[in-house]
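What follows is a single structure, written as structure tokens, with notes after it.
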Amino acid sequence: MINRITGTLLSAAPLQAIIEIGGLAYEVHIPVTTAERLPQPGQQARLHTLVVYREDAQTMYGFSTEEERDFFRLLVEKVSGIGPKTALSVLSKLSLPVLHGAIAAGDVALLAKCPGIGRKTAERLVIELRDKVGVSSIAPAAASGGAMVAPEENKVRDAVMALLALGYKMPDADKAVRQAWVALGSGATTEALVKKALG
């Protein structure tokens, strides 16, 4: 099993990255939330990966953090009706802190807004994963490569909640805060994230 790859980023798109390692170029499917954190082409990139083997294909999926990769695995392996493509769409629509919060709170309406997820699938998602995404499951991530550690996830959640209070819709608030996080880095306060997101 290929658990992680590090190499030269040849190209990147919102849902795909090509990484060269030792003369071989690997096609890796990624969520938008990972694409936002990739370096410029020509620079070193590291992705935590999961390879899904099927009778007619083998596909590699990559993520900025181990936590995102492990959540993707949970979606694919534990929730009936969710395959890799749908799981990638879910992680492209909402960041991991928001997904954890929505599942823990049983927010079926928010989860149902993700592409490929209807209300019944969202309900299954909550039932299957609620006990697996509590605060204790959010292990500290590596501080490099734009990854979030647990206290930073709280900042992101708080910033998203502040935008919601100002009338933003959840997907828009989450996206704005994610972009602010990437722009400002891990030292940003909740207030700075909100200000950048509004700017």
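The values are calculated or read from the model by the stated rules, or taken from the named source; none is laboratory data. Remember, it's a predicted structure, so these values are computed and weren't measured experimentally. Cβ atoms come from the backbone with ideal geometry, glycine included; neighbour counts cover every protein chain shown.
Summed over the range 104-132, the residues that are surrounded by 20 or more Cβ atoms within 10 Å (Cβ to Cβ) and under 25 Å from residue 36 (Cα atoms) give a count of 4. Residue count for the range 114-144 under the criterion of being in contact with a Pro (Cβ under 9 Å, 6 or more places away or on another chain) and modelled with pLDDT under 85: the result is 2. Of the strands (runs of 3 or more DSSP E) lying entirely inside the range 4-103, the ones with 1 or more residues being of a type in the set (Gly, Ala, Ser), out of contact with any Cys (no Cβ under 6 Å at 6 or more places or on another chain) and surrounded by fewer than 19 Cβ atoms within 10 Å (Cβ to Cβ) are found at 4-13, 24-29. Residues of the range 60-72 include none that is over 25 Å from residue 129 (Cα atoms) and either at pLDDT 95 or above or outside the structural domain of residue 180 (by TED's automatic domain parsing) (or both).
Select from the range 153-169 the residues that are in a helix (DSSP H, G or I) and surrounded by fewer than 20 Cβ atoms within 10 Å (Cβ to Cβ) and write down the one among them that is modelled with the lowest pLDDT. Step through it out loud before you land on a result.
We begin by selecting, within the range 153-169, every residue in a helix (DSSP H, G or I); these are 153-165.
From the residues that got through so far, the ones that are surrounded by fewer than 20 Cβ atoms within 10 Å (Cβ to Cβ) too are 154, 157-158, 161-162, 164-165.
On the way: 154: 74, 157: 79, 158: 84, 161: 84, 162: 88, 164: 84, 165: 85.
Only one residue fits best here, namely 154.
For the range 169-193, the tally of residues that are touching a helix residue (DSSP H, G or I) at 6+ places or on another chain (Cβ under 7 Å) and under 17 Å from residue 101 (Cβ atoms) stands at 10.
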